[in-house]
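Here is the structure we will look at, set down as structure tokens.
Any read-out appearing in this document is the output of simple, stated calculations on the displayed coordinates, not a laboratory observation. The shown structure was predicted, so the numbers you read here are calculated from the model rather than taken from an experiment. Note: ideal-geometry Cβ built from the backbone for every residue, glycine included; neighbour counts use all protein chains shown.
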Amino acid sequence: MCPRPCGAPSSGLFPERDFKVRHGAFADGAVFDLKRVPDSRLLVTSGLPGPRLQVWQLSEDSDAIAATGTIAVPEEEGRLWPRLAVFAAAAPAVLHGARLAGLRLVDLESQKTKFASGVGDSEALSSLQVVDADTFAFCCASGRLGLVDIRQPWAPLEYRHPGAGTGASGGQWCAEVGGQGAGPHVASLGSDGQLRLLDARDLRRPVSTAQCQVPVPSPEPELLRVTWAPALDSCVAISGFDATVQVYDVTSWGETQSPVEPLFTHRGHIFLDGHGVDAAPLVTTHTWHPQKPRTLLSAASDASLHVWDWVGPSTAR
């Protein structure tokens, strides 16, 4: 956490004043993904080493987060770690997998498998996301996208990035479903800064493609992140290229690839503790505040955490 205000002196955030540790725990390995189980005190984490997921519970009468069990992952994947998503229902279930072949949905209480891909496809996953009570989205590192209905045998609606699965060089990709207006869209971000938007109802080809203003390809493609603003019509944020988080308005993008400029760039992680541009940390993740339209949180490789607002042009909604 940053040791000084993360904004103007009059409105900055102080760790000792504005943040208090409510619960804590120590994991026996690196935690790369963490998901909360809605309407419960449970958390699920994924990371390295070891082929398993860890289940945690927030204590009601202390500040501890206790490890309460594990979910086995079928196969050792070396340096790959399972991606996570949680289906919230009367009986919550955890969707996990490092590759398409190992993708499965497991009942959290009984640990029985409720759904499995059942395919031999070895493509590595980069992200999983629950879309609704019966549907999830996946993105492969190759750029391949799919929407899956768990009520049916494996038959995803798919978009395959040109060259995906052929060994062709195309960098790595991540994606998120979101957006408002005419319907949900998929934002797919490549490690070279290319951003594609696809209509979730028809994934045959991108609706628009743009080249974001990134200084270099992502040095750590597994840290790429693209997110839709939950309380704005058409804004996305990207990170994982440097010490910044960029916000874009996608409404004016054309179908063909063209350079686009961000509405706003958060550079606070560059200047924390006197970092120069060359020594600046890498933003490891970011997320939008669920109700405040222009408030985001971001974290960086130097353990800094920022909560910040942005102001765009008057045309931004």
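Of note:
- Checking the Cα-Cα distances for LYS20/LYS292; LYS35/LYS292; LYS35/LYS112; LYS112/LYS292 against a 28 Å cut-off, the pairs over it are LYS112/LYS292.
- Extension gain for the segment ASP134 to ARG204, taken as residue separation times 0.36 nm less the Cα-Cα distance, is 23.1 nm to one decimal.
- Taking a straight Cα-Cα cut-off under 14 Å and skipping sequence neighbours fewer than 8 places away in the same chain, the aspartates and glutamates within cross-link reach of LYS114 are ASP134, ASP149.
- Simple spin-label estimate for GLU158 and ALA279 gives 4.8 nm between the two label positions (7 Å along the Cα-to-Cβ direction from each Cα).
- For the chain, adding -39500 (n - 2.57) for each run of n ≥ 4 DSSP H residues and dividing by the number of residues yields -500 deg cm²/dmol at 222 nm.
- GNM remark for the chain: springs join alpha carbons under 10 Å apart, and the peak mean-square fluctuation among HIS306, HIS161, HIS23 falls on HIS23.
- Considering only alpha-carbon pairs that sit under 8 angstrom and 6 or more positions apart, the relative contact order computed for region 123-302 is 14 percent.
- By average C-beta atoms within 10 angstrom, highest first, the peptides 264-271, 193-200: 193-200, 264-271
- The H on the amide N of LEU305, modeled in the peptide plane, is under 5 Å from the matching H of CYS2, each at least 5 residues off or on a different chain.
- Highest-first arrangement of 129-141, 56-68, 279-291, where packing means the average Cβ count within 10 Å: 129-141, 279-291, 56-68
- Separation in nanometres of the label points that stand 7 Å from Cα toward Cβ, at ALA231 and ALA72: 4.5 nm
- Percentage relative contact order, the chain, counting C-alpha pairs under 8 Å, at least six apart: 9 percent
- Distance between modelled label sites at SER301 and GLU60, nm, 7 Å Cα→Cβ extension: 4.3 nm
- Taking amide H positions as modeled 1.01 Å from N, with prolines and chain starts lacking one, the residues under 5 Å from LEU95 and 5 or more places away or on another chain are ALA85, VAL86, PHE87, VAL106.
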